[in-house]
Amino acid sequence: MLRSLVGSEMCIRDRAYTWKLLQDHKAALLQDRCQDCRDAPPPTFEERHNLNYGVNLEWVPTHVAEKFVQMRLDEESHAWVESAVGAPIGMMTYMLRNVAMIFMSQYSADGLCGMSNMFVISKEQAAALLPEYQSGDGSGWSLLDVGAGDGGVTLSLAPLFEHVTATEVSGVLSWRLYSRGFEAITAGSLQEAGILGERSFDMVSCFNVLDRCDQPTQLLRELRACAKPNGLVVLAVVLPFCPCVMAVGGQREPEEKLNMSGCGSGASWEQCMLELLEVVENCGFELVRWTRLPYVSRGTSSMPIYTLDDAVLVLTPSATSAPPEDGFLNKSVIDQLVDGPDVVVDLHED
């Protein structure tokens, strides 16, 4: 029974990461056969742990590239990764989690077994991405964090706001949010939470939820509705887009499928970012700024951390839900990107 649960537990995102590991293994074999590679300096901390912050801005339209904010590995991010590598999750914990999944979703099982500890953004990176909340006069600013998990991201955003509200579908994780001092609401939707149409916030954040819900476009429109007219929405999405919905006993495909390149498509990260931008613009948003950040979670002793690549978009509600008139995100432009070389320029400094 445990073996079957472990096998069925791997979702599309997990398979994408497995594919990435195979590519890294192939690169390592080529390096062993190359004298110049063997003579090269040792890999950096970012390279060893697949922490990608770089973007090939030549593949992005100019007015989008101008809004890119370059991030780098900072002290808090470095410390979290080192801590995760030094304290991997034990196999017994994995087995208990898989047994718990018979009775509850993976979200709740992870929270119950202490496996929901993940890292996306540090306090320093949050401040750099959100200069609007650095003026010092935001004593009344409010934050809504949708699908907040165990509150790791919420903790990084919270110092910028006086009032913090977090929603979570899992009662176990909602209790963890409450224990960290946040107003925690257990609900499967913003309507169910009593927020939609009743409350509005200076900023609404939603990290790594869009690829785990049944109706992503509906979620985007609800996020827009919960933000004040001059407020912001911060959206983080793993790219390539590989959606699945966590359910009791395993995972399933979402009811709605977005027209985005998924796992194994061969699309570059930049192409996927443009496709995501088209989706959010069609749901009534305008891009303010964006960045790329590693989405890191703890692993086992054989693979201490798992790293995926998040696009983090800072958005504002647009006056109209229509896409931009210049149409730079039309199908012809995106198709042209497929023919380009699959190269990403890493802009971080050693």
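The values are calculated or read from the model by the stated rules, or taken from the named source; none is laboratory data. Everything quoted here is computed from the prediction, not taken from an experiment. Here the Cβ positions follow ideal geometry from the backbone for every residue, glycine too, while neighbour counts run over all protein chains shown. Side chains are part of the model used for accessible areas, which takes the heavy atoms of the whole protein and leaves out ligands, DNA and RNA. Shrake-Rupley method; radii C 1.70, N 1.55, O 1.52, S 1.80 Å.
Met71: of a type outside the set (D, E, K, R) and open to solvent by 60 Å² or more (accessible area, probe 1.4 Å), yes or no?
Details: of a type outside the set (D, E, K, R): yes; open to solvent by 60 Å² or more (accessible area, probe 1.4 Å): no.
Judged against the criteria, Met71 is not a match.
Could you tell me which numbered condition Ser205 fails, if it satisfies all but one of (1) among the polar types (S, T, N, Q); (2) in contact with a Cys (Cβ under 9 Å, 6 or more places away or on another chain); (3) closer than 23 Å to Pro159 by Cα?
That leaves (2) as the condition not met.
Looking at (1) at pLDDT below 95; (2) part of a helix (DSSP H, G or I); (3) of a type outside the set (Gly, Ala, Ser); (4) closer than 23 Å to Ser205 by Cβ, which is the only condition Val99 fails?
Unmet condition: (4).
Looking at (1) over 25 Å from Ala127 (Cβ atoms); (2) open to solvent by 20 Å² or more (accessible area, probe 1.4 Å); (3) touching a residue at least 12 places away in the same chain (Cβ under 8 Å), can you tell me which one Arg289 breaks?
(1)
Suppose we keep only residues that are in a loop (DSSP other than H, G, I, E, B) and modelled with pLDDT of 95 or more within the stretch 112-129. Which one would you say is farthest from Ala225 (Cα to Cα)? If you could, list the steps in order and put the result at the bottom.
Just the residues of the stretch 112-129 that are in a loop (DSSP other than H, G, I, E, B), to begin with: 113-117, 120-122.
Among the residues that remain, those that are also modelled with pLDDT of 95 or more are: 120-122.
Details: Val120: 25, Ile121: 25, Ser122: 27 Å.
Checked the stretch 112-129; the qualifying residue farthest from Ala225 (Cα to Cα) is Ser122.
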